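The values are calculated or read from the model by the stated rules, or taken from the named source; none is laboratory data. These numbers come from a predicted model, not from an experiment. Every residue, glycine among them, receives a Cβ derived from its backbone with ideal geometry; neighbour counts consider all protein chains shown. Surface areas here come from the heavy atoms of the whole protein model, side chains and all, with no ligands, DNA or RNA. Shrake-Rupley method; radii C 1.70, N 1.55, O 1.52, S 1.80 Å.
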Amino acid sequence: MIGSTRSIRRAPWLAVLAVAVAFASRADAAGPLEDSVRTAPDSLAHQLRAPGAISRLMAHQDSVVKAQGGPRADNAQLFLSWNAPWGSKRAQQARRPACADSTVEDTLVLSFLPGRVGKTFTGFTSQLYFHATGSDTLGAWWHLEGKGGENAGALRVEWAGVPGFGWKQPFPVTGQGFVLLDRTPQSARLRMVFAVPYEAAGPVVADSVYSLCRVIFKHRPGRDLAGCERPVCIEWSKATLAFGAKDEPEVSRGERFVAFAGPYAICEPFKGPRVAAWKPPKTATATPPK
């Protein structure tokens, strides 16, 4: 359930997945919630097949990460937006869905600013929350599970790295990913994991914004499910960014909120207490001698 303290990530989860993807020769069939799960050619893995290669890689990366003081991404930021990547002209923070129009889809884009250099960016994990607002519940429209959900098939994830993705992204090859959805009446959580083969991973630079995936909602008005018209705040609560094996810092800063079926202001109650800006201490006034 959503309140559980168990995480989808186990360090170095993405490093292990990146190596595993390198050995896959083809993708398994994907369910409707997972969209297309793709893999890169098996030939990319030939160096990692040498005896002891994986152990040596992990040992080397362990020493590298320890030397830098652990997994670090102090200046990384997450950006959540509708229609297009953050900073684009078409990007929006609030979306009014066309609930009765089956030809229109709502596209949520997950982007990030690395804030540091990464030589082998292999993937990410991500956690999105869908919060009902006011006294509302989410409604059956948000029951998007691929199996058993009343609105199954109305949500899909398209990963960066696939041909025709269209936006600047960090992956030079296709990879493998999956999603998990769980929910309560007031909130739903969508967890995602994606990685490309370690040997095929490319670099990222500190000051460019990259898109990781898009989450797409399809309207099926014939199902007559309540909830699409109810204001919902979507929060990108956190992500882990795999800058290398065992170098997977967790990030939870940036422009991480968007509104669905309501104004952006509906997200204010979910942002938590604001931290007062730092101010220099006042200089003490000396007491004149008597």
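Some notes on this structure:
- Of the residues making up the stretch 158-178, those that are closer than 20 Å to Pro85 by Cα, outside any strand (DSSP E or B) and not aliphatic (A, V, I, L, M) number 12.
- Condition broken by Ser111, with the remaining ones in (1) more than 25 Å from Arg90 (Cβ to Cβ); (2) of a type in the set (Gly, Ala, Ser); (3) in contact with a Ser or Thr (Cβ under 6 Å, 6 or more places away or on another chain) satisfied: (1)
- Close Cβ contacts (under 9 Å, 6 or more residues apart or on different chains) running from residues in the stretch 242-256 that are within 9 Å of Ala76 (Cα to Cα) and of a type in the set (Ser, Thr, Tyr) to residues that are open to solvent by 10 Å² or more (accessible area, probe 1.4 Å) and assigned to a loop (DSSP other than H, G, I, E, B) are absent.
- From the list Val109, Val37, the lone residue that is surrounded by 14 or more Cβ atoms within 10 Å (Cβ to Cβ), within 19 Å of Gly177 (Cα to Cα), among the β-branched types (Val, Ile, Thr) and at pLDDT 95 or above is Val109.
Yes/no per residue for (1) on the phi > 0 side of the Ramachandran plot; (2) touching a strand residue (DSSP E or B) at 6+ places or on another chain (Cβ under 9 Å):
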residue	(1), (2)
Gly134	yes, no
Thr137	no, no
Ala160	no, yes
Thr174	no, yes
Phe178	no, yes
Arg191	no, yes
Val205	no, yes
Val209	no, yes
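- Considered as a group, the residues in the stretch 195-211 that are among the hydrophobic types (A, V, I, L, M, F, W, C), open to solvent by 10 Å² or more (accessible area, probe 1.4 Å) and modelled with pLDDT of 95 or more include one that is nearest to Pro97 (Cα to Cα), and that residue is Val209.
- Residues in the stretch 245-270 that are open to solvent by 40 Å² or more (accessible area, probe 1.4 Å) and either touching a helix residue (DSSP H, G or I) at 6+ places or on another chain (Cβ under 7 Å) or assigned to a loop (DSSP other than H, G, I, E, B) (or both): Lys246, Ser252, Arg253, Pro263.
Residues are listed down the side, and each one gets a yes or a no for (1) within 25 Å of Ser102 (Cα to Cα); (2) polar (S, T, N, Q); (3) open to solvent by less than 40 Å² (accessible area, probe 1.4 Å):
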site	(1), (2), (3)
Arg183	yes, no, no
Cys213	yes, no, yes
Gly227	yes, no, yes
Phe243	no, no, yes
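- Test: residue in the stretch 169-178 that is within 16 Å of Cys233 (Cα to Cα) and hydrophobic (A, V, I, L, M, F, W, C): no
- Selection count, the stretch 179-229, where residues are in contact (Cβ under 8 Å) with a residue 24 or more places away in the chain and either assigned to a loop (DSSP other than H, G, I, E, B) or of a type in the set (S, T, N, Q) (or both): 20
- Among the candidates Glu248, Glu229, Glu235, the residue that is modelled with pLDDT under 95 and at negative phi is uniquely Glu248.
- Check on Ala226, among the hydrophobic types (A, V, I, L, M, F, W, C) and farther than 19 Å from Tyr129 by Cβ: yes
- Arg116 being of a type in the set (D, E, K, R) and outside any loop (DSSP other than H, G, I, E, B): no
- Selected residue [of a type outside the set (S, T, N, Q), more than 18 Å from the chain's Cα centre (by Cα) and closer than 23 Å to Ala73 by Cβ] from Pro203, Pro231: Pro203
- Count - residues of the stretch 126-157 that are in a strand (DSSP E or B) and open to solvent by less than 10 Å² (accessible area, probe 1.4 Å): 5
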